[in-house]
Amino acid sequence: MSTFLNVLYIIVPLSIAYAAPLIFTAIGGVFSERSGVINIGLEGLMVMGAFVGIVFNLFFVDTFGAWTPWVSILAAMLVSSIFSLMHAVASISFRADQVVSGVAINLLGIAIALFSVKMIFGKGQTDFIQEKIPRFNIPFLQDIPVLGPMFFKSVYGSSILAISVAILAWFIIYKTPFGLRLRSVGEHPMAADTMGIKVNRIRYIAVLVSGGLAGMGGAVYAQTMTNDFGHATINGQGFMALAAMIFGKWHPIGAMGAAIFFGFAQALAINSSSIPFMENVPSFILYILPYVLTIVALAGFIGKANGPKALGDPYVKGSR
Amino acid sequence: MSNRIINVLVPVISIILGLLVGAVVMLVSGYDPIAGYAALWNGIFGDTYAIGETIRQISPYILAGLAVAFAFRTGLFNIGVEGQLIVGWFAAAYVGMAFELPKFIHLPLALLAAAAAGAIWGLIPGLLKATLKVHEVIVTIMMNYIALHIVNALIKSISHGGFKLDKIQETASLRSDFLSELTDFSTLHYGIFVALFMVFIMWFLLDRMKLGYELKSVGFNENAAEYAGMNVKKNIVMAMVISGAFAGLGGAMEALGTFGNISARAGFTGIGFDGIAVALLGANTPLGVIFGASLFGSLKYGANNMPNAADIPIEIVSIVIALIIFFVASGYIIRVGLLRLSKKKEAK
């Protein structure tokens, strides 16, 4: 029993650490897709966030001291948000195919980031950052037996932030007028337009929010997991966040749950050789688990996952 | 301005815009864009060796482009070309390595294995789309990662913990001493003929066969095709299977021609995603794909010369390619601009 607990003490905090960037990015995806704009570009936006986060951290560590990682996350949020404007303009105003535009964002994100890294550092990856995202012990809760050390000891500050963002997103999307408008332009933009809602404005805001959140996700991942930036830093995390969004049925809390589960799968995959009863399970099964589950979820084997109705259609005023 | 001219102008303008913005990026970053593009040009056409390598690079791009274009014509977006290409690469490398057969059986068998592996990888999203109406974009993206991890695991288990398979037998190789000597000992191989033959196959399938007619009808209007008595579900599955087979053959180019084996990968090859650009630029037609593949294959290979000759990071070409995709995707606005221009001229 005690070995089992010891395993959990390693796996659970690692799962939460892996989940945090996925939560940010998946929630970003929820905003964009709920407004009716497909965002395949999450991966590229996340790459951009990771790159900006690391570079900002490296250059301004003397100015901001211990606050550097947080300011870096903010900077990553801003830059990725601006970067996502490209996707917004293309898919909302220029009526581009949103999937193609997202693919372009993905290719462009990694290309710009690597181009800049080579220009600034003269090599394929950055130096390592000195100031990482701090870990906290949550007072009182950490003293709970069993659960305390699992969930509340040396938690990354970013994980707490991620869960707060998910709850906040749920509140915004389901409890505020803005959230109602957001959902309505994603379901039936013409009806929303007739009610005086500015469809394209809401969609622009939604895509920019998704860019910002994906940027935060990228910066968090880079500053907790890799501590530098190179071509393989993000490597699919954005697509896994996309999977989490779908697996969570386009709902912020659902996306968070899926993200935590996918984080758990990643943590298990990395540690499977050192876990007594997992050593015979090939690690690739755990690696592909999130993707397989997403396909299964989409196929409707565990409750049909249906996206917003107007997903992928640019809104053209006056058309039927 | 006729529709036809506009259809040609949109990709041309997108390419020019992509190159222009690329030049601006170089300028802003403190590089000399003229030296940069000169280095790119020399990297593509500088000598016969470079030309040979460029043509070699074009072959998998043609096949990846065909894969995306073929699915597009049936109204399907196959983002899974990357994964289908990887499983094709593995299948070809494995068959090429594990069997000992005479060349006239071994080489076709290895190519067939690659096509079959890609086809199976396309079959799954095709079936899910046809039977359960699951959107193929998400499924194919997920299938990419599943392919990557499974192939890596297979390589590890077959090579007993290693990171690559042994080289393929000579009897399965696409290598050609003749082509190689012709191009100053580049790695150019017979794959380009396989790719061009597949272009012909796609044209023949789409424009000369009943199957192609049905596939295109489903792409234009599913309901109309259904009313006309076509089996929409069967056609969707067929389109994904054939698309996957093209992609799998693209992997065979790398396995049997360029590399001669397969190594475990941390990430994707990128060929499959660039295939989207190839197909878009080529307006999803067989001939257009040759044009798009030539452009992107040349850019990708020529970029290798940029760090040495002009001290510019190779990624500038990836930026240009991504921008071209972006501009082609935003073709609507280019179209609107062109129409306005032509109307102004007529008014004068």
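Some values worked out for this structure:
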read-out	value
Residues (in contact (Cβ under 8 Å) with a residue 12 or more places away in the chain and over 15 Å from B:ILE146 (Cβ atoms)) located in the range B:106-119	B:HIS106, B:LEU107, B:LEU109, B:ALA110, B:LEU111, B:ALA113, B:ALA114, B:ALA115, B:ALA116, B:ALA119
Test set (1) part of a helix (DSSP H, G or I); (2) surrounded by fewer than 24 Cβ atoms within 10 Å (Cβ to Cβ) - B:GLY75 fails condition number	(1)
Boolean, B:SER14 is farther than 16 Å from B:GLU315 by Cα and within 12 Å of chain A (Cβ to nearest Cβ)	yes
Given (1) assigned to a helix (DSSP H, G or I); (2) open to solvent by 50 Å² or more (accessible area, probe 1.4 Å); (3) within 10 Å of chain A (Cβ to nearest Cβ); (4) of a type in the set (A, V, I, L, M), number of the condition B:ALA266 does not satisfy	(1)
Matching residues, the range B:132-180, being facing another protein chain (nearest Cβ under 9 Å), assigned to a helix (DSSP H, G or I) and not aliphatic (A, V, I, L, M)	B:ASN144, B:TYR145, B:HIS149, B:ASN152, B:LYS156, B:SER157
Among residues of the range B:199-237, those that are open to solvent by 60 Å² or more (accessible area, probe 1.4 Å) and either of a type in the set (Lys, Arg) or free of Cβ contacts under 8 Å to residues at least 60 places away in the same chain (or both), counted	15
Complete set of residues in the range A:140-158 that are without any contact (Cβ under 8 Å) to a residue 24 or more places away in the chain, open to solvent by 20 Å² or more (accessible area, probe 1.4 Å) and touching a helix residue (DSSP H, G or I) at 6+ places or on another chain (Cβ under 9 Å)	A:PHE140, A:LEU141, A:GLN142, A:ASP143, A:ILE144, A:LEU147, A:PHE152
The range B:230-263: number of residues that are outside any helix (DSSP H, G or I) and either aromatic (Phe, Trp, Tyr) or within 20 Å of A:ASN106 (Cβ to Cβ) (or both)	1
Criterion: open to solvent by less than 10 Å² (accessible area, probe 1.4 Å) and either more than 14 Å from every other protein chain (Cβ to nearest Cβ) or among the β-branched types (Val, Ile, Thr) (or both) - qualifying residue of A:ALA104, A:ALA96, A:ALA76, A:ALA90	A:ALA76
Residue tally, condition within 13 Å of chain B (Cβ to nearest Cβ), in a helix (DSSP H, G or I) and either within 26 Å of A:ALA75 (Cβ to Cβ) or more than 15 Å from the chain's Cα centre (by Cα) (or both), over the range A:235-265	9
Qualifying residue in the range B:69-90 (condition: under 28 Å from B:GLU222 (Cβ atoms), among the basic types (Lys, Arg) and in contact with a helix residue (DSSP H, G or I) (Cβ under 6 Å, 6 or more places away or on another chain))	yes
Residue in the range B:247-258 that is without any contact (Cβ under 8 Å) to a residue 40 or more places away in the chain and open to solvent by 10 Å² or more (accessible area, probe 1.4 Å) present	no
Qualifying position, being within 14 Å of chain B (Cβ to nearest Cβ) and either farther than 30 Å from B:SER330 by Cα or open to solvent by less than 10 Å² (accessible area, probe 1.4 Å) (or both), among A:ALA269, A:ALA232	A:ALA269
Any hit, the range B:326-343, residues being more than 14 Å from chain A (Cβ to nearest Cβ), open to solvent by 10 Å² or more (accessible area, probe 1.4 Å) and of a type in the set (D, E, K, R)	yes
Failed condition for A:ILE167, given (1) of a type in the set (A, V, I, L, M, F, W, C); (2) out of contact with any Gly (no Cβ under 7 Å at 6 or more places or on another chain); (3) open to solvent by less than 10 Å² (accessible area, probe 1.4 Å)	(3)
The listed residue being away from chain B (no Cβ under 14 Å) and over 24 Å from A:HIS251 (Cα atoms), out of A:PHE83, A:PHE64	A:PHE64
Among the candidates B:ALA283, B:ALA279, B:ALA309, residue that is open to solvent by 10 Å² or more (accessible area, probe 1.4 Å), over 19 Å from B:HIS135 (Cα atoms) and within 14 Å of another protein chain (Cβ to nearest Cβ)	B:ALA283
Test: residue in the range B:131-141 that is in contact with a helix residue (DSSP H, G or I) (Cβ under 7 Å, 6 or more places away or on another chain), closer than 27 Å to B:PHE273 by Cβ, open to solvent by less than 20 Å² (accessible area, probe 1.4 Å) and without any contact (Cβ under 8 Å) to a residue 60 or more places away in the chain	yes
Qualifying residue in the range B:292-301 (condition: surrounded by fewer than 22 Cβ atoms within 10 Å (Cβ to Cβ), under 24 Å from A:VAL99 (Cα atoms), within 15 Å of the chain's Cα centre (by Cα) and of a type in the set (Phe, Trp, Tyr))	no
Selected residue (criterion: least open to solvent (accessible area, probe 1.4 Å)) from residues of the range A:272-292 that are more than 12 Å from chain B (Cβ to nearest Cβ) and in a loop (DSSP other than H, G, I, E, B)	A:ILE275
Filter pass, A:ILE110 being under 17 Å from the mean Cα position of the chain (by Cα), at the interface with chain B (Cβ under 8 Å from one of its Cβ atoms) and buried (at least 24 other Cβ atoms within 10 Å of the Cβ)	yes
Candidates B:GLY122, B:GLY80, B:GLY118, B:GLY65, filtered to the one that is at pLDDT below 95, crowded, with 23+ Cβ neighbours inside 10 Å, among the small types (Gly, Ala, Ser) and under 13 Å from B:GLY248 (Cα atoms)	B:GLY80
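Per-residue answers, yes or no, for (1) under 27 Å from B:ALA283 (Cα atoms); (2) within 14 Å of chain A (Cβ to nearest Cβ):
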site: B:VAL21; (1), (2): yes, yes
site: B:TYR31; (1), (2): no, yes
site: B:ASP47; (1), (2): no, no
site: B:LEU63; (1), (2): yes, no
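Conditions (1) over 17 Å from the mean Cα position of the chain (by Cα); (2) closer than 15 Å to A:GLY218 by Cα; (3) assigned to a helix (DSSP H, G or I), marked per residue:
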position	(1), (2), (3)
A:ASN6	yes, no, yes
A:LEU14	no, no, yes
A:ALA17	no, yes, yes
A:ALA50	no, yes, yes
A:THR63	yes, no, yes
A:SER101	yes, no, yes
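Each row is one residue, and each column tells you yes or no for (1) open to solvent by less than 60 Å² (accessible area, probe 1.4 Å); (2) at negative phi.
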position: A:ILE129; (1), (2): yes, yes
position: A:PHE136; (1), (2): no, yes
position: A:LYS175; (1), (2): no, yes
position: A:GLY186; (1), (2): yes, yes
position: A:GLY196; (1), (2): yes, no
position: A:ALA206; (1), (2): yes, yes
position: A:GLY215; (1), (2): yes, yes
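The values are calculated or read from the model by the stated rules, or taken from the named source; none is laboratory data. If you're wondering where the values come from, they're calculated on a predicted model, not measured in any experiment. Using ideal geometry, Cβ is built from the backbone for each residue, glycine included, and neighbour counts are taken over all protein chains shown. With ligands, DNA and RNA removed, areas are computed over all heavy atoms of the protein, side chains included. Shrake-Rupley method; radii C 1.70, N 1.55, O 1.52, S 1.80 Å.
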